[in-house]
Amino acid sequence: MSVIQLLFSENYVRHTVITCESLGIRYEASTHCGTVSVYRRDAVHNWTILVGEFKLPEFSRDKVKLPVDQDWKSLKRFLYRHCFLSSSWSFIDNDGIEYRWKKRRGVLNLYGAHRHREPLAEFHRHYAWYHPSHLNVLDPSIVNSQFSR
């Protein structure tokens, strides 16, 4: 199984480009008036598709809005903990599959509900400008299912 590596142009989530040139994957995140919008760029069809938006205000609750939703909802309803003391965060994708982000040894790992021992992806955050953060996708099926739509 081959690893797909997505590179972040900046180590700042509010303004970055996430790419994997070999697969033609490109996401762009930009901020306007306090709202971060994330777009997927499809080079084959020359489309730009809104993936989602989020707000991270300093003095109120974080909010998220996905294309399937009409209204903003609390980020805690989208990305939630199973237990108050849990160090992992879970979410459910559009197909009803639950995923969980969990930090281990300084790396943020993504697990599926069906695979608890083997991570599906690993996020490596780097703080130096010369060493970009990256996401290693260990199970290419999670990327392929998102791009086959």
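The values are calculated or read from the model by the stated rules, or taken from the named source; none is laboratory data. Every value quoted in this text rests on a predicted model; they were computed, and no experiment measured them. Methodologically, a virtual Cβ is constructed for each residue, glycine included, from the backbone with ideal geometry; neighbour enumeration extends over all protein chains shown. Side chains are part of the model used for accessible areas, which takes the heavy atoms of the whole protein and leaves out ligands, DNA and RNA. Shrake-Rupley method; radii C 1.70, N 1.55, O 1.52, S 1.80 Å.
Against the numbered list (1) over 15 Å from the mean Cα position of the chain (by Cα); (2) within 26 Å of E98 (Cβ to Cβ); (3) modelled with pLDDT of 90 or more, T31 comes up short only at (2). Across region 18-67, the number of residues qualifying as of a type in the set (S, T, Y) and open to solvent by 90 Å² or more (accessible area, probe 1.4 Å) comes to 1. When P119 is tested against (1) part of a loop (DSSP other than H, G, I, E, B); (2) in contact with a strand residue (DSSP E or B) (Cβ under 8 Å, 6 or more places away or on another chain); (3) surrounded by fewer than 16 Cβ atoms within 10 Å (Cβ to Cβ), just one condition goes unmet, and that condition is (3).
The number of residues in region 85-103 that are modelled with pLDDT of 85 or more, of a type in the set (D, E, K, R) and either out of contact with any strand residue (DSSP E or B) (no Cβ under 9 Å at 6 or more places or on another chain) or surrounded by 14 or more Cβ atoms within 10 Å (Cβ to Cβ) (or both) comes to 2. The set of residues from region 1-43 being out of contact with any strand residue (DSSP E or B) (no Cβ under 7 Å at 6 or more places or on another chain), under 18 Å from P140 (Cβ atoms) and of a type outside the set (D, E) comprises M1, S2, S22, G24.
Quick one: which residue in E21, E58, E10, E98 is farther than 25 Å from W129 by Cβ, out of contact with any Lys or Arg (no Cβ under 8 Å at 6 or more places or on another chain) and of a type outside the set (K, R)? Write out each step before concluding.
Details: E21 fails: farther than 25 Å from W129 by Cβ; E58 fails: farther than 25 Å from W129 by Cβ; E10 fails: farther than 25 Å from W129 by Cβ.
Matching residue, one of E21, E58, E10, E98: E98.
Specify which of the listed residues (H82, H126, H131) is assigned to a loop (DSSP other than H, G, I, E, B), over 23 Å from V51 (Cα atoms) and open to solvent by less than 50 Å² (accessible area, probe 1.4 Å).
On the way: H82 fails: open to solvent by less than 50 Å² (accessible area, probe 1.4 Å); H131 fails: open to solvent by less than 50 Å² (accessible area, probe 1.4 Å).
Being assigned to a loop (DSSP other than H, G, I, E, B), over 23 Å from V51 (Cα atoms) and open to solvent by less than 50 Å² (accessible area, probe 1.4 Å) holds for just one of H82, H126, H131, which is H126.
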